[in-house]
DNA sequence: CCTACCGATCGGTAGG
DNA sequence: CCTACCGATCGGTAGG
């Protein structure tokens, strides 16, 4: 039972989990090896250095991001593009909150390196979305006072950070059934993003991302 | 010139800066000693262990928080309380973005410990603000669909995270005069928080936090 | 993929 | 506040 299958993938999996929760400096190769069930030099056989393993973990997250986003930009009509992108980004990070924690840590740990990555991976579709919002503004379909680029970056930042830390924030809620306050926080995050976009009240289908939890 | 004055305060100052930018695990006592201009064991004379220094750094940030917030809650009228608290929180973290980075790192590194601290330091005034928002909702002064507790936590999360990482996100803007895109991001953050609160368009005095940079 | 081992650095102590 | 030093752990290598 449970044959090795692909040790390299197992190392990446555990490294992702540990880097996300303990940080790069807080995670030893020893700890990763232990989680996989092998010895330290075996990890270094598959990834020549800790830094290269770190790059591989980041590359995996960013390449999955690149699998999802371009399709959505192409497929969506201009009208629904922003909503679709926001839904896709939210789903992407809620699917595995370690992605959000990992990227947030990277921004804190290596701000200049991540600035370059953001230019490469984020700017292209921020540009597309911002352009669409700009046009929508001229047609008065979104608020006059909205700053399209700044708005798009704020929504992205809010989603990534929010999903990364929601578990620790949930203690504040007077709720109890564990998962409930997590969902309330995320649903309100989406409401804030939408409500600050449109000039009028909207009662859109909030909370659609939460369905998997509800059953 | 530049006499020692208070070495203990200097250690706290450099430790705060380094913990915020490199993280706890990424900062050695050696590095802190070097920044202060003393030797490693001298740091450990003033703070018996790295962990105790870490606690002292956090305690200082949280006690400054406690100096500012309670007064604002007491002084503000119920009508303006939320706006006042949001302004105070924004000012607090923009005054020294290391505070935001430090707290964000703590939430990522020690989620359970920080949950307890959040219960102690944040919940009390989230409760007050949420109660006010609840009453305002009944009087239809804020949006029907708004979840007061979740909204307050989202705004707090957005402010802390946004200020912590704004420098890395600013590369996306087509701006150039360096500081400008930083300000645009923060101004839009405040606009998003306000616009998603009220049922009607508001043209409040946005960007008042940005004055120090402009003048 | 392992055992055995490397120099460097870690947090921390002794003793002044 | 310093020099000198401790054991433990770090990332990484040799060699099979």
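At a glance:
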read-out: Theoretical gain in end-to-end length, residue A:73 to residue A:51 [0.36 nm per residue, Cα-Cα removed]; value: 4.6 nm
read-out: Pairwise FRET efficiency - residue A:174 versus residue B:140, Cβ, R0 = 30 Å, nearest 0.05; value: 0.80
read-out: Shape of the protein assembly as shown, Cα gyration tensor, a/c cut at 1.5; value: oblate
read-out: Average partner coverage of A:132-144, which counts Cβ from other chains inside 10 Å; value: 0
read-out: Cα gyration tensor category, rounded, prolate or oblate, for region A:44-125 with a/c compared to 1.5; value: prolate
read-out: Förster radius 35 Å - calculated FRET efficiency between residue B:112 and residue A:113 (Cβ-Cβ, nearest 0.05); value: 0.75
read-out: Crossing angle, helix B:50-75 versus chain B [Cα axis fit, 0-90 degrees, rounded to tens]; value: 30
read-out: At 7 Å out from Cα toward Cβ: residue A:30 inter-copy label distances (nm, ascending); value: 1.7
read-out: Packing-based ranking, highest mean first, of B:49-60, A:69-80 given that Cβ atoms within 10 Å are counted; value: B:49-60, A:69-80
read-out: Residue A:42 versus residue A:21: modelled label distance in nm, points set 7 Å from Cα along the beta carbon direction; value: 2.1
read-out: Ranked by how many other beta carbons lie within 10 Å on average, peptides B:154-162, B:139-147 from highest; value: B:154-162, B:139-147
read-out: Gained length - residue A:96 relative to residue A:64, 0.36 nm times residue gap less alpha-carbon distance; value: 10.4 nm
read-out: Exercise: per-residue mean of other protein chain Cβ atoms within 10 Å, A:12-25; value: 2
read-out: Cα gyration tensor shape for chain B, rounded if a/c is under 1.5, else prolate or oblate; value: prolate
read-out: Other protein chain Cβ atoms within 10 Å, averaged over every residue that makes up A:151-162; value: 6
read-out: Rounded tilt (10° steps) of B:179-195 against the dominant C-alpha axis of chain B; value: 40
read-out: Residue order, fewest to most surrounding Cβ atoms within 10 angstrom, among B:116, B:123, A:191; value: B:116, B:123, A:191
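Read-outs throughout are calculated quantities, based only on the coordinates presented, and are distinct from any laboratory measurement. Keep in mind that this is a model prediction, so the values were computed, not measured. Virtual Cβ from ideal backbone geometry, glycine too; neighbours counted across all protein chains shown.
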